[in-house]
1. Mind counting the residues in the range 153-176 that are open to solvent by less than 30 Å² (accessible area, probe 1.4 Å) and either part of a loop (DSSP other than H, G, I, E, B) or under 30 Å from Val205 (Cα atoms) (or both)?
2. Would you pick out the residues in the range 63-87 that are over 23 Å from Leu16 (Cβ atoms) and open to solvent by less than 50 Å² (accessible area, probe 1.4 Å)?
3. Any idea how many residues of the range 117-152 are of a type outside the set (Phe, Trp, Tyr), assigned to a helix (DSSP H, G or I) and open to solvent by 30 Å² or more (accessible area, probe 1.4 Å)?
4. Inside the range 278-297, can you point out the residues that are in contact (Cβ under 8 Å) with a residue 60 or more places away in the chain and part of a helix (DSSP H, G or I)?
5. Going by the structure shown, is Val111 modelled with pLDDT of 95 or more and closer than 30 Å to Leu246 by Cα?
6. Identify, from the list Asp312, Asp294, the residue that is at pLDDT below 95, over 22 Å from the mean Cα position of the chain (by Cα), charged (D, E, K, R) and surrounded by 13 or more Cβ atoms within 10 Å (Cβ to Cβ).
7. Quick one: Leu50 ticks every box in (1) free of Cβ contacts under 8 Å to residues at least 24 places away in the same chain; (2) in contact with a Gly (Cβ under 9 Å, 6 or more places away or on another chain) except a single one, so which number is it?
8. Please identify the pairs in which a residue from the range 88-111 that is surrounded by 15 or more Cβ atoms within 10 Å (Cβ to Cβ) has its Cβ atom under 7 Å from the Cβ atom of a residue that is hydroxyl-bearing (Ser, Thr, Tyr), counting only partners at least 6 apart or on another chain.
Amino acid sequence: MKKQQQDGKRSGHRILAAAVLLLVSAFLMIGAAKIPFFAEWYSEHFYPLLVTTVGRIMGVFPFSVAEICLYLLLAGFVISAVALIVKCIRHGEPGNRLFRWISKIALTVAVLAFLYTVGCGINYHRESFSQEEGIVTAYYSVEELTEICLWLTEEVNAESSAVSRYDSGLMELESPEGEGAVKAMEKLSEIFSSLKGYYPEPKKVAVSEILSYQELSGVYSPFTVEANYNGDMVSYNIPFTACHELSHLRGFMEEREANFIAFLACIGSDRADFRYSGYLSGWVYCMNALYRADADAWQEVRGTLAPEAEPDLAANNAFWDRYEGAVSETANRINDTYLKVNGQMDGVQSYDRMVDLIVAYFGE
């Protein structure tokens, strides 16, 4: 009886702790949404401390800590659920045992909710990168978009002959991409002060197929302050994606802005493979926008692309085509909802809005 009372007290304490954490998380998110200066103050003064401490500690590990924790969390949930059923059958007391199990689950969920809030939730309400740096988007014509696409095509053509390639014609990364991404972001921060700060190296997800089935090229983990990317992708995608996730780690959560920052970081890099990745990624987004606006103009520009770039584009399309299906569609809808809930009303379409920023910044 005494043991049951002690277990009951511990379960009650866990429920109380979970409630407190959830309330704190809710107050922080409401404060970030309703108090204009709070999210900005947090992103400038507190969040950088999180990156330089937690991010630096996690950076010691050569693998994605977030990925390992995910597997352990799933395994722990399954094992604990099975153990609960077995104990209830053998020893009875299903009500007490279920309450203890639920209290542990509740506390775990609350801890994750709090880590999410401080790791990225508040940052969704900060000023955007374009606002901080004075980049104003406006209406642009098809002619202006065409000029940007022609410029990008010229740059892709120039860099396509400068990169190393496999026998298949696909781009080969010069050296470790993690180190290159950090250097590219640090170099860009010399131009844009809002990007200054510590950058841990982005990490390849060991079982990248999990991301592929969700049609994700990368993911930022607010729980461990890590930038992760899909290592199975065609190589030209990797530098751009690594810089994109580091942009989130810097606290800029809007997808179009993370894409734009990644574009700037890559094209300003000292490495040809990063510049090629940036220009070709930007070319794809801008050309997709041009196709929707004027198919004839798109056709004219498309015909000027260097043949060296064609294998990368074809391999990229073939790679993602392999994972189209019910899983990817469901993941896409979940991601779309997640982005809208966090204020990005264009949902997954917000990734494409980087075109507006490219035209605004380079179309002057």
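1. Count: 6.
2. Ser64, Val65, Ala66, Glu67, Ala75, Ala81, Ala83
3. Total satisfying the criteria: 9.
4. Tyr279, Leu280, Gly282, Trp283, Tyr285, Cys286, Met287, Asn288, Ala289, Leu290, Ala293, Ala297
5. So Val111 passes the test.
6. Asp294
7. With respect to (1) free of Cβ contacts under 8 Å to residues at least 24 places away in the same chain; (2) in contact with a Gly (Cβ under 9 Å, 6 or more places away or on another chain), Leu50 is out only on (1).
8. Pairs found: Phe99/Ser11; Arg100/Ser11; Trp101/Ser80; Ser103/Ser11.
The values are calculated or read from the model by the stated rules, or taken from the named source; none is laboratory data. Please read these numbers as outputs of a predicted model, since none were measured by experiment. No Cβ is skipped: glycine too gets one built from the backbone with ideal geometry, and neighbour counts run over all protein chains shown. Accessible surface areas use protein heavy atoms only, side chains included; no ligands, DNA or RNA. Shrake-Rupley method; radii C 1.70, N 1.55, O 1.52, S 1.80 Å.
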